[in-house]
Structures are given as structure tokens and as C-alpha cells.
Amino acid sequence: MAPAATASAPTAPHNLVKEAPLHIFPDGLRTTGQHDPLYEHIVPFEKFPKQITGPTVWNPEEYRSKPEKWTHQFTADQIEELSNAADAFLASKTPLTGITKNNFRVPVLAPYLEKLRLDLIDGKGFILFKGFPVQLWGNHKSAVAYMGLGTYLGYFVSQNSRGHVLGHVKDLGEDSTQIDKVRIYRTNARQFFHADDSDIVGLLCITKAMEGGESDLVSSHNVYNTLAVERPDVLKTLTEPIWYFDRKGETSAGEKEFIRTSVVYLERGENGRVYTKWDPYYVRSLTRFSDAGIIPPLSDAQLDAIQVLEDTCNRLSLHMILDVGDIQFLANSHILHARTSYTDFAPPAPRRHLMRLWLATPESEGGWKLPFWDSNEKKRGGIQVDDQAPVAPLDAE
């Protein structure tokens, strides 16, 4: 049986600590990447709460007919402030990867963004901004203003082996059935309920699809409470560190091609909150290792848990449509999100295009106390391959 959680901060294993060369990482901060949890901080099911309470637990009925609770329409003054800050940043000729709160000043909007950050981390966990003028500004200025906005919510981390800190959700024609090689965000396939490898994820809609590509999100704490009543056996399976997650080749030299972790686990310390780390595509794609006997195949209990979790998320989810100029931010700690499949307009019409941010919130700045060595690193999580430099392309590549 695993020992109980402790309040002490985890210490990075010596061989994982690396200096961030300034000629590669201009801010001196390196995305820490994916790795196994500290198993001594994984606690048994008996230590988990019987029920979760508070603002992180919500039902879709609370919000479905009241979009004013989760929608913020940018005011003319806020857009002007973002525009001026973006223009000043562009005039400075600073690379987009060098954007920070210090060189993207929005003093009027900043107090609101601080409250939003707290609500994302410790509250309902999501918001939809409306009225971001992407068509007027174009992709470059929009990217600057969007990333500048993001710096007030967290530190951007790399989203893939190419070092993209500005990601692009777009169908590049890749085969979505090759789930051991292909990242689903680069296809038009359905995305099942999942959490990304960051504390907060942002999506800015540049272009909509002809049909589909709509968003669903769910309080994973509401899902937890529901499973605790309806299927405690499934919940127990999800808390056990028996789950292997594929890294799809996005690994540094000498690293394993998968990690072993729980799906549901607790923060360290007293009254730890319940965190959910999940993506069925990354769990189902490991047959090349299970067939070779390197890891165990998914058990019947795990297969059942995968289906029950997806079905429960669908039943308790809030549906959301992102229009051009909308920005969705959500917390991966206690929100799971999904996307319907979609069909693009025929060429030469532009394809569906969302700009994506992955943002980290370290412990020292109010982030959750996770059972990982990098819990207090500014750019915890994400995907980092060797010393790949951060890049911020303005379109998918």
C-alpha cells in the first residue's frame, strides 16, 4: 500500500535537473516535460474523499441556460488596451517566444485576469471570451495579443517535440487511426474527453469548420462524485497507478516511450484535491508494447473504466460552440474536455484553425501540489525533447 501524501515539496531527481541554456531558452525557463509521478506520493483509494464539494463541482444545468456565468465579452477599452500592447510588442522586434507580462502591459485588464486565474485554478475552471478581433488584426497580431493575454494566467510550455509554445489545432490530413504515431489535434477526428499536459489550456478560434468541431467540457469533480455513488469500483481502478500513457515518440534521449501513473490522484498535503490526468488515445495506443510483453495489456476492469468514464462525462457535459474570435480557457486539473469530429469547407476556403496555449501554474504561484518532481517548476509539464528550443509558428506545420 502506498504511503499517505505529505505536505513537503517533491525534490527533483539529480539526473532530471538541467540548466536552461540562455541561447536556447531566452527566459532561462525550460519546459520540464512528461515523466512518471513520484510513486511514494500516490495514495490508496481509501485515502480519497467520499465526496468533493465546492465551486469545482458543477452540473451543466447551472450554466447551460446562463452563458453570462461563463462568458466574457471583451469591452472596447479592453480591446484597445490589448491592441496597444500588441503593437508595442511588435515594434520592439522581440521574438514571440520572449513575450512576458513585463513586455506586454495591460494594467486595466490585469486585475480581471488575476481574478480569472484564481477562478480557473480553484473555481469552476473555465471561461469563454468573445469579441477578439482576429479578422481585423490578422494572425500575427492576434497571436501576440493572445499569448500576451496568456502570460497573465500562466507560463507557456512546449506542446510537442517541435517546441511549439503556440500550437495550432488544424486538420493536416494525418491518419487519425494511427494513434501510436499521430496527435489527434492534427486531424479532424473526434477527441474523447481528456486533459492536456498543462495546468491551463487556451483555444482561440481563427476559422470555423463547415460542420462540427464543437466543444464539450465537464467538471471531473462532478464525474468523481457520480462514480463514487454509481461505480465506486471504476473509481478505485482509476486511482491505481496501473495506467500506462504513450509518449508517441516525443521523448528525449534515454527516456522511456511511456509513463506509468494513475488517472485520478490526490494533491500532496492535508485535504488534497482530486486531480484527473486522462486521455484515452494515449492509453489505447500502447499495443505495440503490450503485444511484446513489455507492459501489461489493458485489463477488463480498465476497459470497463474507460467506457464508463467516457459515458459519464458525456452525460454530465456542457456543450459549447466556439465562433471566430472566441477564446476558451480551462483548467486541466478539474475539467475534462472533448471535441466533436468536423468537416472543413472545400478549398480554397480556409480550414478550421484554433491557436492553442498550454500554460503552467507552479505551486509557489497558487498551482496545485502535484505528485511530480517538477510541481514547483515554473514551466512544469508540457512536452520537451532534449534541448529543442521554444518556437511560436503563426500556422500549423
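The values are calculated or read from the model by the stated rules, or taken from the named source; none is laboratory data. Note that the structure is a prediction, hence the values are computed from the model and not measured. Here the Cβ positions follow ideal geometry from the backbone for every residue, glycine too, while neighbour counts run over all protein chains shown.
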>> buried (at least 16 other Cβ atoms within 10 Å of the Cβ), within 19 Å of the chain's Cα centre (by Cα), within 20 Å of Leu217 (Cβ to Cβ) and of a type in the set (Val, Ile, Thr): is that true of Val157 in this structure?
In response: no
>> Quick check on the range 180-232: of everything there that is of a type in the set (Gly, Ala, Ser) and over 13 Å from the mean Cα position of the chain (by Cα), which residue is surrounded by the most Cβ atoms within 10 Å (Cβ to Cβ)?
In response: Ser220
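Is at least one residue of the range 279-299 farther than 30 Å from Asp386 by Cβ and surrounded by 17 or more Cβ atoms within 10 Å (Cβ to Cβ)?
yes
Of everything in the range 351-367, what is charged (D, E, K, R), over 13 Å from the mean Cα position of the chain (by Cα) and under 14 Å from Glu397 (Cα atoms)? Give them in sequence order. Explain how you work it out, then say what you get.
Initial filter on the range 351-367 (charged (D, E, K, R)): 351-352, 356, 363, 365.
Imposing the further condition that a residue be over 13 Å from the mean Cα position of the chain (by Cα) reduces the set to 351-352, 363, 365.
Within the range 351-367, Arg351 is the sole residue that qualifies.
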> Of the numbered conditions (1) without any contact (Cβ under 8 Å) to a residue 40 or more places away in the chain; (2) assigned to a loop (DSSP other than H, G, I, E, B); (3) exposed (fewer than 15 other Cβ atoms within 10 Å of the Cβ), Gln307 satisfies every one except a single condition; which is it?
Replying inline: (2)
> When you look at Asn160, is it of a type outside the set (A, V, I, L, M, F, W, C), within 24 Å of Ile321 (Cα to Cα) and either at pLDDT 95 or above or not in a helix (DSSP H, G or I) (or both), yes or no?
Replying inline: no
> Just a yes or no: is a residue in the range 137-147 on the phi > 0 side of the Ramachandran plot and either free of Cβ contacts under 8 Å to residues at least 40 places away in the same chain or in contact with a strand residue (DSSP E or B) (Cβ under 8 Å, 6 or more places away or on another chain) (or both)?
Replying inline: yes
> Within the range 80-96, is there a residue that is at pLDDT below 95, of a type outside the set (A, V, I, L, M) and loosely packed, with under 15 Cβ neighbours inside 10 Å?
Replying inline: yes
